[in-house]
Amino acid sequence: MSPVRRHELSEVDRYIDATPHIDRLARDTRVLCRAVRGAIETDASVPNELPDAIRELAAAVAELPELLSKTGGDKGESVSRALGAAASARQALSEPGELPVIQIVGQVRSAAVDVLRALGADRAEADAHVRAVGG
């Protein structure tokens with residue numbers, strides 16, 4: 001980078017650090033979409049918590065670009081949304097579920113971990129937070 005823009009290197013570093021987690025998040029989302037399609041095609045009994053969990057996850061993901069573009073942004077709301085999505089998804093498994101439902105729950109929880117990782121949490125910390133909100 002030019003010396004005039006050298007002060008922007010920390011912003012570039014945030015994107016570099018977040019890139020692999022955003023890539024995993026995109027993959028999680030594709031698998032989630034396939035699981036939702038499978039649930040629809042098999043007429044699976046989808047608990048009410050799952051659509052809410054997916055909406056909450058989508059809100060957390062939608063906040064990522066803004067949070068990554070500024071230094072010291074308040075990540076709390078996005079973290080809360082991601083963990084809320086994981087908790088809601090887990091609640092959907094309070095009774096034995098059909099395979100597509102189990103897949104949806106797993107992908108929402110996996111994506112929540114990747115949101116936390118993209119925001120700077122390490123793997124152990126992100127996994128521990130998601131486990132803490134529901135197994």
Distance from the Cα centre of segment 74-135 to that of segment 28-48, in angstrom?
17 Å
Out of all Cα-Cα pairs in segment 3-132, roughly what percent, to the nearest whole number, are more than 20 Å apart?
45 percent
Estimate the FRET efficiency between Y15 and N48 by the formula 1/(1 + (r/R0)^6), using the beta-carbon distance for r and 25 Å for R0, to the nearest 0.05.
0.10
Is it possible to state the helix-based mean residue ellipticity at 222 nm for the chain, with each DSSP H run of 4+ residues giving -39500 (n - 2.57), the sum divided by total residues, to the nearest 500 deg cm²/dmol? What is it?
-25500 deg cm²/dmol
Filter the GluC sites (Glu not before Pro) in segment 37-135 to those in DSSP coil with at most 16 other Cβ atoms within 10 Å of their Cβ, and list the result.
E98
Out of segment 38-135, which trypsin sites (Lys or Arg not before Pro) are coil in DSSP terms and have no more than 15 other C-beta atoms within 10 Å?
K70
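Every read-out reported here was derived from the displayed coordinates using simple, explicitly stated rules and does not represent laboratory data. Here the structure is a predicted model, which means the values were calculated and not measured. No Cβ is skipped: glycine too gets one built from the backbone with ideal geometry, and neighbour counts run over all protein chains shown.
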